[in-house]
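First comes the structure, then the notes that go with it.
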Ligand code: TA6
């Protein structure tokens with residue numbers, strides 16, 4: 001039975017390139033299939049769950065135990081954290097990482113561009129969002145699936161009062177073996193260590209994951225390079241209008257505590273999160289817009 005959404009999505013389809021189909025848990029997704037690139041993006045959370053540039057394996061990690069249901073976040077791919085990151089400072093009952101990753105977004109358009117396909121989805125403030133956050137806002141998220149992946153999160157303050165928000169593209173990168181993976185690009189950056197009472201520290205050189213790692217790197221603008229000698233891949237994440245980078249791996253115990261992550265899957269993932277969080281939350285005057293961009297490229301090593 002074709003749902004209304006799939007029906008309504010028909011108008012955006014490109015034969016054999018982009019179609020709106022039923023995905024896991026009956027959730028609707030846009031599926032991109034072309035000689036140049038393959039990809040998937042759910043309307044649930046405007047969540048990219050797959051990107052495969054031609055000749056490459058899947059770039060993103062997706063948990064075999066992920067939930068696919070309304071109100072639950074998908075574990076893997078690229079969840080969007082907004083308008084707060086982590087726990088809400090003044091409300092421990094509020095959903096972690098905000099509410100847009102569990103929201104049903106609307107499809108705005110699917111467009112064929114010179115080197116790929118751009119999918120645009122949007123969501124905005126409503127009664128539900130105002131239960132947690134009184135602001136008026138509109139989010140537009142444009143994702144271009146091509147030989148590179150281009151991500152653009154546009155926040156508009158549609159209200160009368162200034163708003164302050166945090167945002168993160170909480171990307172789960174698939175790796176061959178986390179013990180052999182190295183992260184470059186944050187060589188001397190200051191960071192908040194969330195595994196050590198939020199102590200502030202300084203990075204020295206490349207990042208190697210040797211225990212639970214949960215760090216907010218501050219005042220960052222350089223591209224991140226993920227070196228994976230097992231998959232023989234280098235992933236470069238460049239960005240614009242993002243002043244923080246979060247690096248996360250749950251390691252053994254935290255992974256065990258997460259019901260939607262299989263016990264050994266921590267070895268196959270690392271989160272590199274283009275973001276504006278903590279000291280770099282964004283202040284947006286009424287009627288103004290803020291756009292954060294990330295650009296992901298994968299090359300063989
Ligand atoms: O981005 C790192 C982090 O904030 C960690 O603290 C960890 O909790 C992770 O996000 C996953 O959060 P989630 O709410 O998806 O379980």
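Listed values, structure above:
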read-out: Residue count, the range 183-202 (criterion: surrounded by 16 or more Cβ atoms within 10 Å (Cβ to Cβ) and farther than 16 Å from residue 243 by Cα); value: 3
read-out: In the range 195-216, residue nearest to the ligand (Cβ to nearest atom) [restricted to those that are in contact with a helix residue (DSSP H, G or I) (Cβ under 6 Å, 6 or more places away or on another chain) and within 17 Å of residue 269 (Cβ to Cβ)]; value: 212
read-out: Some residue of the range 120-130 being part of a strand (DSSP E or B), farther than 17 Å from residue 31 by Cα, touching a helix residue (DSSP H, G or I) at 6+ places or on another chain (Cβ under 9 Å) and at pLDDT 95 or above; value: yes
read-out: Residue within the range 267-285 that is at negative phi and out of contact with any strand residue (DSSP E or B) (no Cβ under 7 Å at 6 or more places or on another chain) present; value: yes
read-out: Check on residue 128, more than 16 Å from the ligand (Cβ to nearest atom), within 30 Å of residue 195 (Cβ to Cβ), over 20 Å from the mean Cα position of the chain (by Cα) and loosely packed, with under 15 Cβ neighbours inside 10 Å; value: no
read-out: Test result for residue 164, in contact (Cβ under 8 Å) with a residue 12 or more places away in the chain and either in contact with a strand residue (DSSP E or B) (Cβ under 9 Å, 6 or more places away or on another chain) or over 23 Å from residue 278 (Cα atoms) (or both); value: yes
read-out: Residue match in the range 226-234 (condition: on the phi > 0 side of the Ramachandran plot and surrounded by fewer than 18 Cβ atoms within 10 Å (Cβ to Cβ)); value: yes
read-out: Given (1) on the phi > 0 side of the Ramachandran plot; (2) within 14 Å of the ligand (Cβ to nearest atom), number of the condition residue 219 does not satisfy; value: (2)
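Per-residue answers, yes or no, for (1) within 11 Å of the ligand (Cβ to nearest atom); (2) over 23 Å from residue 123 (Cβ atoms); (3) not in a loop (DSSP other than H, G, I, E, B):
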{"site": "71", "(1), (2), (3)": "no, no, no"}
{"site": "81", "(1), (2), (3)": "yes, no, yes"}
{"site": "86", "(1), (2), (3)": "yes, no, no"}
{"site": "93", "(1), (2), (3)": "no, no, no"}
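The values are calculated or read from the model by the stated rules, or taken from the named source; none is laboratory data. Source: prediction; values computed, not measured. Note that each Cβ is placed from the backbone with ideal geometry, even for glycine, and that neighbours are counted across all protein chains shown.
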